[in-house]
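To keep things clear, I will list the structure first and then write my remarks on it.
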Amino acid sequence: SIARRLQMLPRPVLPASHGVPLSRGPLPHRRNPSGVRWSHLASFGTPLMGFARSLRSSRQFIRRGRLAQRGCALGGYAALRTRAMAGCFPISSVLPKGGKPCSRALGLRSASKQGDLPRLWKYFAIHRDWCDHVLFYEDGTFAQGRLGGHGSWQLTSLGKGRGSNLELELRWQSYSHVAASPVEVLSSSSGSTETFAAEAVKLELVSGEGLPCPGSEKQGPRALLFSSVGSQCLPVVRDHWLAKPSMMQFDVALMFYKEASSHAYSDLSELVSTQECVELSHSPGMKWPNFMKWMEANGGAEAVAARYDYVWVVDDDVRLDTAEINRLFSILRDHREVEFACPSFDASSDGVWRYFDGHDPKYKLRYTDFIECTAPVLKTTWLTDPGFARCLQGVRTGCFIDFCFFPAAGRRRDAVAVVDAVQCHHPPRGADAPSEMRQVQAWEDHKEDDVYFDQAGVPRDWYWFRQPQVFGGVPAEDDGRRAAIEFAGTTVPVPGSSGVLQLPSAGFGTAFYPEDHLLGTPEEALVCESVDAALRAGVRLFDCANQYTSQRHVGAALERALQTGLVSRDELVVVTKLAQFDSPSEVVEGVQRALGELRLDYVDVLMPHIPCSNEGWRWFEEEVDAGRVRHLGISNYDQLGAQGLPKLKELLLSCRIRPAVHEFELHPLLQNREMVEFCQKEGIQILSYSPLGAPHKVQKYVDGISGLVSAEEAEARRYQLSCLDHPATIALARRRGVSPAQLVLSWHFRKGFVPIPKSWDPVHIKANCPGVIASLVLEPAEMNVLEAMDADVRTILLYKKGTRREL
């Protein structure tokens, strides 16, 4: 009988490059990932009877009650060896050193993730009726390796803590042998997931780690899902969030805000009573106030932050399955630079703002300054942050807190993200599907939330409306270890000008100094070759000026790149500056000269090289009106000292076209915090020149003081004045395996600045290109080290003091 049944088993025809679990065919609950076509084996031949006898003898051995641990191994070995002799597979591939069956012998795929395939754990079972591999999938299903049975599994702990008794429940949906029980329960009295047993049944781990043990440290950090739920929530909670309880890597806290006497509350209570990691309480109110109540009831912000690393504060109608919730938290743990995030929404979703959180398949995640309050994920460390705590104190309906995440995180351009790799659904609301939350508080009353934010002491520029921006993202094909960011650009609103200004993550300085002649290459060749190298490295922003003798060579290089198709004009951002002008005609003449040298029809940004009068600014505005200039900027207001901010405020009050950018010296040794804070508050993008602390200026200064001080003191000055030679920078760069320049430029990127480094060395240009700068993720502790370097070192003064006579 066994031989006849075995003759009817299908034998898979497997591609050489991809293995799948052997079974009778694709399981009804899972698509066949490799598209394997299954064919029946016409006949095994005579050796099949030997396999049948071996299997029968092993069954008799089990039934006589003489099956000890060694008997398990021997029984499995006998069956496998006879199958190998029967021609099913070569014995050398089945039994490696150690005598345990090898997964690839049965065509099993690795337990590590392959693309979007589910993770699995491999066990070998000696059963009263059969011997076979059993594959446990992370989605809560299992399948026999050869016999074709399948079902669902759930692992529960009978106690608390590591070492507690475990029960593994197998619910068979399809069973391939006689005398089958639809539910089997195996146990592990040691608390280990390597071996489970029941009467005449033993399940032993083949290799690697065992099934994830509830409450075990092996699970890693745990996250929290919090939601304030109403009477319509049961399908979402039961069929999505808790669809696979055995694979939940997060806890769930629910607060029911409708009447506690309702049938929905009873049904929800019954569901929760069967779930170990879910709690339910009752509190009328909106989601965010209820979250604050729950947090206080559970020991406060510090206790919650100690227990969980992330919390997803989600509306009760957002549909996302268990596995995808796990994946959301997993992706954020791979991208620790992200402080606040939300999943993307599918095309059929509806919502309040819907700016750019619709799913974009090109990205794994996108860095933004705005995410929906519908489903934000927070790092729990922010619950203890005083600034963000004020936001939580002020929030009522969720309105306005959308805008708070970005400023709370220090306006870092990689701190807030939409996770495109995870896609959820938010149902449309209308007359046929009304929102229960609007029954609690009318939508029209949301506008009153600003009163509570003001009372909590939240700065108005944190929560008040601004045009949301997308800064860039991680491509979808990225594996999580290679943080190669495809930077899309910074969007800066410029009222009164044509559209918005798109700034790349970094630019290229083109000032040519007298000491550059010492390189031995003619200026024209040096500039053209460097600009070409920068374009090929991905640089699209070029900082020029009429005072720079290099401007005409930059124009020649750009013209050649445009003619050859290396770059299009729309991709370029060309900045130029005028230093001296006393009348409108001189401004017109200066702009026309710049256009002639750059060989362009317009420049993207025009700025005075030094602060100008309000009348002079009006002359610049006329150039925008004439179409020769797209946007205006300012520079060097920080050099006015205490008068810098008052002068800038005066300009903003009187101007018709606001400056889009402010260019001034900025690096870890000169952080200009007051000016930076004002510009970011006003929405003026900062361009930082001398972003590395101008090493050439420091060198000239050190050369100038040699002979006036000792050599040791001169070198000590270099360490104090040079970002690249500073001990803190060198130590961090060595630890991260990057250059000091890359580290400092990444600091600019994380701070939200657009650095404009300059180099004539193609190797340095490529090493410091925008993609490399954006890919280096600095930890908060590393940012703090660089922040502490601030020493008010203004290198323009060093440059002026670079001769012995002046000193």
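Write out the trypsin sites (Lys or Arg not before Pro) in segment 717-807 meeting two conditions: DSSP loop, and at most 12 other Cβ atoms within 10 Å of their Cβ.
Numbers: sites: R717, R718, R734, R735, R736, R750, K751, K758, K766, R794, K800, K801, R804, R805; in loops: K758, R794, K801, R804, R805.
Passing both the DSSP loop test and the Cβ count: R804, R805.
Given a 1.4 angstrom probe, I'd like the percentage of the accessible area of segment 637-710 that is carbon and sulfur, rounded to a whole number. Before the final figure, lay out the partial values.
On the way: 1470 of 2910 Å².
Percent of accessible area from carbon and sulfur atoms in segment 637-710: 51.
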If I stretch the segment between Q720 and V185 completely, what's the gain in nm (0.36 nm per residue apart, minus their alpha carbon distance), one decimal? 185.7 nm
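Counting only heavy atoms of protein chains, what accessible area per residue, in Å², does segment 637-686 have with a probe of 1.4 Å?
42 Å²
Taking only protein heavy atoms and a 1.4 Å probe, what accessible area per residue, in Å², does segment 265-410 have with all protein chains in place?
Details: 4990 Å² over 146 residues.
I get 34 Å² per residue for segment 265-410.
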Taking the Cα atoms of segment 579-650, report the difference between the largest and smallest coordinate on each principal axis, in whole Å and largest first. 39, 19, 19
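Measure off, as a whole percent, the carbon and sulfur share of the 1.4 Å-probe accessible area of segment 192-282, all protein chains present. Intermediate values should be presented prior to the final figure.
Values: 1910 of 3950 Å².
Answer for segment 192-282: carbon and sulfur cover 49 percent of the accessible area.
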How far apart, in nm, are the 7 Å Cα→Cβ label points at W464 and E259? 4.4 nm
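Once the other residues with Cβ under 9 Å from the Cβ of S344 are scored (Lys, Arg +1; Asp, Glu -1), what is the net sum? Walk me through the numbers before you get to the answer.
Numbers: positive: R366; negative: D346, D357, D360, D420.
Local net charge: -3.
Which entries of K681/K751; K697/K758; K244/K287; K379/K751; K362/K681 show an alpha-carbon separation above 22 angstrom in the structure shown? List each step's numbers first, then the result.
Working: K681/K751 14 Å; K697/K758 13 Å; K244/K287 25 Å; K379/K751 19 Å; K362/K681 32 Å.
Table pairs above 22 Å Cα-Cα are K244/K287; K362/K681.
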Could you derive backbone 3J(HN,Hα) for segment 183-192 from the dihedral phi with the Karplus parameters 6.51, -1.76 and 1.60 (θ = phi - 60°), listing whole Hz in sequence and x where the residue is Gly or Pro? 10, 10, 10, 10, 10, 9, 6, 7, x, 8
Between the alpha-carbon centers of segment 522-546 and segment 370-392, tell me the distance in whole angstrom. 43 Å
Where the centre of each part is set by its Cα atoms, how far does segment 642-693 sit from segment 594-628, in angstrom? 18 Å
Would you mind working out the accessible area per residue for segment 708-807, using a 1.4 Å probe, and quoting it in Å²? 48 Å²
Restricting segment 612-664 to trypsin sites (Lys or Arg not before Pro) in coil, as DSSP defines it, with at most 15 other Cβ within 10 Å: R656
Report ³J(HN,Hα) in whole Hz for each residue of segment 335-345, in order, from the Karplus equation J = 6.51 cos²θ - 1.76 cosθ + 1.60 where θ = phi - 60°; Gly and Pro get x. 10, 5, 5, 7, 9, 9, 7, 8, x, 7, 10
Calculated FRET value between S273 and Y452, using beta carbons and R₀ = 30 Å, to 0.05: 0.25
Per-residue ³J(HN,Hα) for segment 145-157, Karplus 6.51 cos²θ - 1.76 cosθ + 1.60, θ = phi - 60°, Hz, x for Gly and Pro: x, 10, 7, x, x, 7, x, 10, 10, 8, 10, 10, 9
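So which GluC sites (Glu not before Pro) in segment 250-303 are both in a DSSP loop and have at most 15 other Cβ atoms within 10 Å of their Cβ?
Working: sites: E259, E270, E276, E279, E296, E302; in loops: E259, E276.
For GluC sites (Glu not before Pro) across segment 250-303 that sit outside H, G, I, E and B with at most 15 neighbouring Cβ atoms in 10 Å, the list reads E259, E276.
The values are calculated or read from the model by the stated rules, or taken from the named source; none is laboratory data. No experiment lies behind these values; they were computed from the predicted model shown. Note that we place each Cβ from the backbone using ideal geometry, even for glycine, and neighbour counts take in every protein chain shown. Please note that ligands, DNA and RNA were not included when accessible areas were found on the heavy atoms of the full protein model with its side chains. Shrake-Rupley method; radii C 1.70, N 1.55, O 1.52, S 1.80 Å.
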